[in-house]
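The values are calculated or read from the model by the stated rules, or taken from the named source; none is laboratory data. Bear in mind that the values here come from a model prediction, so they are computed numbers and not experimental data. In this analysis, Cβ positions are derived from the backbone assuming ideal geometry, glycine residues included, and neighbour counts consider all displayed protein chains. Just so you know, the surface numbers come from the protein's heavy atoms only, side chains and all, with ligands and any DNA or RNA stripped out. Shrake-Rupley method; radii C 1.70, N 1.55, O 1.52, S 1.80 Å.
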Amino acid sequence: RGNFTYATSKYEVYEESAYKEPWRYHVGQSLKQEYGYIAERLFVSDEEAANSPKQGNTKVQGGDIKYLDVNNDGVIDEKDIVPIGNPTTPEIVYGFGVSAGYKNFDFSIFFQGSGNTSFWIDTNKTAPFQNNTQLLKAYADSHWAEDNQDVYAMWPRLSPDINSNNTVKSTWFMRDGAFLRLKQLEVGYTLPQNLLSKLRVSNLRFYLSGSNLLLFSKFKLWDVEMGGNGLGYPLQRVFNIGLNLSFN
């Protein structure tokens, strides 16, 4: 058994200003399309940041995110905001599974997945030292620092306050939301009829089942179905063992 759904959308008409930059229009884009800056990398140093196009009203430094000047006007502003990623609502949702039996054994398995979707790590909720949160191991292991000027580190330079330059919507914290999950697995065994007669029961089946057992995704920090906030409560992995008993 299986199911597959593909659903897409786009604006046919959208009331907005007349832009010189064609990428700013909503017409033709998905209703769930996000817009943001294209992040190139982190600034290597304060000197590089000072000699680069101005980025908003915040002073940028070494370790801050460097954005692409899309229209080449020497300033990073709203004119450089473009459609980024896939829609936030999955365009593909699917599932497949099989149920089978052999002699006294039975088996069922079901997978569930989605595709063509993007999400963004919520920097305001996961930022270090904010909202009484600690430093996530992923950020501790990969962040820009004076002694580790990794321009592709996951987190920009650490700061006691949230840096607006590094938290605006961009491709830096954009992630692929596609996944495939082993949603349900069950294995059972029914006692043969000769044993059932001796026990004076009509049916006795033992089973072992589990839910949310495996997850296949490019995103590894936390359960991808949690979206951008990895500090929430994840889906539980559940195991069950039991029996079905019927009397004559």
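Restricting attention to the stretch 184-199, does a residue exist that is in contact (Cβ under 8 Å) with a residue 12 or more places away in the chain, part of a strand (DSSP E or B), of a type in the set (G, A, S) and surrounded by fewer than 17 Cβ atoms within 10 Å (Cβ to Cβ)?
no
When you look at P90, is it open to solvent by 30 Å² or more (accessible area, probe 1.4 Å) and touching a Ser or Thr at 6+ places or on another chain (Cβ under 7 Å), yes or no?
Against the criterion (open to solvent by 30 Å² or more (accessible area, probe 1.4 Å) and touching a Ser or Thr at 6+ places or on another chain (Cβ under 7 Å)), P90 qualifies.
Please go through the stretch 125-162 and give me each residue that is at pLDDT 90 or above, farther than 15 Å from S45 by Cα and not in a helix (DSSP H, G or I), ordered by number.
S142, M154, W155
Only residues that are closer than 30 Å to W155 by Cβ, at pLDDT 95 or above and either in contact with a helix residue (DSSP H, G or I) (Cβ under 8 Å, 6 or more places away or on another chain) or open to solvent by 80 Å² or more (accessible area, probe 1.4 Å) (or both): list them for the stretch 1-34, please.
K32
Just to be sure before I move on: is K169 at negative phi, among the basic types (K, R) and surrounded by 13 or more Cβ atoms within 10 Å (Cβ to Cβ) in the structure I sent?
Considered against the rule, which asks whether it is at negative phi, among the basic types (K, R) and surrounded by 13 or more Cβ atoms within 10 Å (Cβ to Cβ), K169 comes out as yes.
Please go through the stretch 148-192 and give me each residue that is farther than 24 Å from K79 by Cα and under 19 Å from the mean Cα position of the chain (by Cα), ordered by number.
A153, M154, W155, D176, G177, A178, F179, L180, R181, L182, K183
Is it true that F107 is surrounded by fewer than 16 Cβ atoms within 10 Å (Cβ to Cβ) and among the aromatic types (F, W, Y)?
Yes: the conditions hold for F107.
Where the second residue is open to solvent by less than 60 Å² (accessible area, probe 1.4 Å) and in a helix (DSSP H, G or I) and the first is closer than 14 Å to L182 by Cβ and lies in the stretch 203-225, which pairs have Cβ atoms under 9 Å and are six or more apart or on separate chains?
Once the first residue is closer than 14 Å to L182 by Cβ and sits in the stretch 203-225, its partners that are open to solvent by less than 60 Å² (accessible area, probe 1.4 Å) and in a helix (DSSP H, G or I) give L215/V224; S217/V224.
Does S45 satisfy being under 16 Å from Y152 (Cα atoms), modelled with pLDDT under 95 and more than 25 Å from the chain's Cα centre (by Cα)?
Yes.
Output the residue which, of all residues in the stretch 200-217 that are assigned to a strand (DSSP E or B) and farther than 25 Å from V238 by Cα, is modelled with the highest pLDDT. It would help to see each step written out before you state the result.
The initial filter retains those residues of the stretch 200-217 that are assigned to a strand (DSSP E or B), namely 201-216.
Pick out the ones that are also farther than 25 Å from V238 by Cα and you get 201-203.
Numbers: V201: 82, S202: 83, N203: 86.
The selected residue is N203.
If a residue has to be of a type outside the set (S, T, N, Q), open to solvent by less than 30 Å² (accessible area, probe 1.4 Å) and closer than 28 Å to N124 by Cα to count, how many in the stretch 200-248 make the cut?
Going through the stretch 200-248 one residue at a time, the tally reaches 6.
For the stretch 71-129, which residues satisfy the criterion of being closer than 26 Å to L214 by Cβ and of a type in the set (V, I, T)?
T88, T89, I92, V93, V98, I109, T117, I121, T126
With the requirement that a residue be part of a helix (DSSP H, G or I) and among the β-branched types (V, I, T), what does the stretch 163-183 give you?
Matches in the stretch 163-183: T167 only.
Report yes if some residue within the stretch 60-83 is open to solvent by 40 Å² or more (accessible area, probe 1.4 Å) and among the acidic types (D, E); otherwise report no.
Yes: one or more hits.
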